[in-house]
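Scroll down for the structure; my scribbles are underneath it.
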Amino acid sequence: MPRGDGRLSHDLLPGEKGPQDACGVFGVWAPGEEVAKLTYFGLYALQHRGQESAGIAVSNGSQILVFKDMGLVSQVFDETSLGSLQGHIAVGHARYSTTGASVWENAQPTFRATPHGSLALGHNGNLVNTAELSGMVAALPPDGASRGGRAVATNDTDLVTALLAGQVDDDGKPLTVEDAAPLVLPRVKGAFSLVFMDEQTLYAARDPQGIRPLVLGRLDRGWVVASETAGLDIVGASFIREVEPGELIAIDENGLRASRFAEAKPKGCVFEYVYLARPDTEIAGRNVYLSRVEMGRQLAAEAPADADLVIPTPESGTPAAIGYAEASGIPYGAGLVKNSYVGRTFIQPSQTIRQLGIRLKLNPLKEVIGGKRLVVVDDSIVRGNTQRALVRMLREAGAAEVHVRISSPPIKWPCFFGIDFATRAELIANGASVEEIGQSLGADSLAYISTDGMIEATGIPKNNLCRACFDGEYPMELPDPELLGKHLLETEVAGGPDAADALRRP
Ligand code: SF4
């Protein structure tokens, strides 16, 4: 039976994708609990981080079973499939593809046999030394190669799984996952928040920069790790602490063991605070909702407007609009109503309906906005098509003026750490002034928050944040452009050994 694609779930304008996060991860170690169901609800709370595929792996202590498929968490799992996943350890994953196409083979958790059992792994983030890792997998000893071997999957994550499964010591003796991890993880570059497990142990690890979030929580009878604190809240786990940048955690019947595989050099993604994370999540001790309200306040101070009403682009612009209204003294109102249920239809809209564009998701409240000078607050502009359609719709609904205010600076640079913006050429802010962009949107005025204003609103020191998509300062060295890219490994597989060698050249 064909599955719905949930395509109406999040883009306001068909074909105009907003920034896409690269996955949500969840792990639980809890004897006596229904770990598959806990993981299902954990992933449900993290669904905004990836809607292309979902999967859960469960261990009963002697074997691991993986169930994964394309689609939303609610499409992939039902009572029967969850009922078949019995055990006391689970890892779960909701995927948006960054490196590797959106196909079943690339759905996660990835799975590998090891000499000691097996390994299942889920990854949030994106790696930047995929070509190098691919070379390392190819160089695994024959025994390791047969387990790691050439990957069926074409994503960066599968390479890490193969490396963890295929390590041997100096005498050629296969290493356990726990012994392999401190050797493999320091060689992995880029953004990675990992949850993985063998038959007995749940592991969590975070890259030395801690680019993507990962938190540790406690249940009465166990432990939970999740991409966001919202994933702990939904299963009733209490927040204990973040998994530290450069830290490896192992949890089994002997308790929790924490170790460091690299020195922490924190560079958390500032865009998590702007848009990606749920507002009810806390990252590095700072609540995301409060950061967004503060961005709105800061925006009002930096870019005031003579207006009658502040309205948000629902729902991502709402907290910043509240902050803008508070600081400016201009009343806040809901000028646009979002259909809460369109995201839950799995029927492809007909061409006639598609042409309605933004109206499929948003309906203007003519009675509220008619004759008013509006400030419309949104979190970011990628290509600008959504905001252009929005401005047009508000004018048609009777707005006297439309002033657009954006609670993040212009996005000018690509992200290599797990966020899929448009290509650089497609970014409206690349090569155009703010005034030109405002004209292109048809707005009476346009202003963005400053980079410093956005950073101040997070309450996190500037040096501890990645803000490369705004200022081009990447938090680590990047390889040559041809060694980066979503389809790097597909190119390698399709091109055969010659292409593979070319990709691996120093
Ligand atoms: S480049 Fe932007 S989106 Fe990517 S990690 Fe850095 S701040 Fe986040």
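The values are calculated or read from the model by the stated rules, or taken from the named source; none is laboratory data. Here the structure is a predicted model, which is why all the values come from computation and not from measurement. For neighbour counting, all protein chains shown are included, and Cβ atoms are generated from backbone atoms with ideal geometry for every residue, glycine included. Accessible surface is based on the protein model in full, side chains and every heavy atom, while ligands, DNA and RNA are left aside. Shrake-Rupley method; radii C 1.70, N 1.55, O 1.52, S 1.80 Å.
For segment 286-469, what does the relative contact order come out to in percent, with C-alpha contacts under 8 Å and a separation of six or more?
Here the relative contact order equals 25 percent.
Taking N as the number of residues in the chain, what is its alpha-carbon radius of gyration divided by 2.2 N^0.38 Å?
Normalised Cα radius of gyration, the chain: 0.99.
Under a Cβ-only charge scheme (Lys and Arg +1, Asp and Glu -1), can you give me the dipole magnitude of segment 286-469 about the Cα centre, in debye to the nearest 20?
620 debye
Taking the Kirkwood radius as the inverse of the mean 1/r across Cα pairs, report the Rg/Rh of segment 286-469.
Value, to two decimals: 0.97.
Using R₀ = 51 Å, calculate the FRET efficiency as 1/(1 + (r/R₀)^6) where r is the Cβ-Cβ separation of GLU79 and GLN439; round to 0.05.
About 0.40, to the nearest 0.05.
Return one whole number: the accessible area per residue of segment 370-490 in Å², for a 1.4 Å probe.
Result: 40 Å² per residue.
Roll a 1.4 Å probe over the protein heavy atoms and report the accessible area of TRP104 in Å², nearest 10.
Its heavy atoms expose roughly 120 Å² to the probe.
Between ALA301 and SER62, take the C-beta separation as r, use R0 = 60 Å, and let me know the FRET efficiency to the nearest 0.05.
Once the sixth-power term is evaluated, E becomes 0.50.
Using only Cα atoms, find the angle between the long axis of helix 35-45 and the longest principal axis of the chain, and express it within 0 to 90 degrees, rounded to the nearest 10.
That works out to roughly 30 degrees.
Please work out the FRET efficiency for the pair LEU356 and ASN254, using the Cβ-Cβ distance as r and a Förster radius of 60 Å; give the result to the nearest 0.05.
For LEU356 and ASN254, the calculated efficiency is 0.55.
Using 0.36 nm times the number of residues separating ASN430 and ASP471, minus their current alpha carbon distance, what extension gain do you get?
Contour length minus the Cα-Cα distance gives 13.6 nm.
Working from Cα positions, state the angle (0 to 90°, nearest 10) between the long axis of helix 488-504 and the longest principal axis of the chain.
With both axes taken from Cα atoms, the answer is about 60 degrees.
Using only Cα positions of segment 171-282, each an equal point scatterer, no hydration layer, compute I(q)/I(0) via Debye at q = 0.16, 0.20, 0.21 Å⁻¹ and quote the log10 values to two decimals.
-0.74, -1.09, -1.18
For segment 248-259, in order, what is each residue's ³J(HN,Hα) by Karplus, 6.51 cos²θ - 1.76 cosθ + 1.60 with θ = phi - 60°, in whole Hz (x at glycine and Pro)?
10, 10, 10, 10, 8, 5, 8, x, 10, 10, 10, 9
What accessible area, in Å² to the nearest ten, does a 1.4 Å probe give for ASP169?
50 Å²
Evaluate the relative contact order of the chain (contact order divided by residue number), counting alpha-carbon pairs under 8 angstrom at least 6 apart; express in whole percent.
Relative contact order for the chain comes out at 16 percent.
Output needed: percent of Cα pairs per 10 Å distance bin for segment 67-140, bins running from 0 to the one holding the longest distance.
That works out to 15, 43, 31, 10, 0, in percent per bin.
Let me spell out the model: positive unit charges on the Cβ of Lys and Arg, negative unit charges on the Cβ of Asp and Glu, origin at the Cα centre of the chain. What dipole size does that give, in debye rounded to 20?
With Lys and Arg at +1 and Asp and Glu at -1, about 1060 debye.
Run through the DSSP bridge list for the chain and note the antiparallel percent, rounded to the nearest 5.
80 percent
Using the alpha-carbon atoms, what tilt in degrees (0 to 90, nearest 10) does helix 385-396 show relative to the longest principal axis of the chain?
Helix 385-396 sits at roughly 30 degrees to that axis.
Stretch ALA139-TYR341 to full length: gain in nm at 0.36 nm per residue minus the Cα-Cα span?
Net length gain for the segment: 67.7 nm.
Of the GluC sites (Glu not before Pro) in segment 383-484, which ones lie in a loop per DSSP and count no more than 12 other C-beta atoms within 10 Å?
Those that pass, being in a loop and sparsely packed, are GLU473, GLU477.
Ordering PHE111, PHE261, PHE196, PHE67 by how much accessible area each has at a 1.4 Å probe, largest first, what is the list?
PHE111, PHE67, PHE261, PHE196
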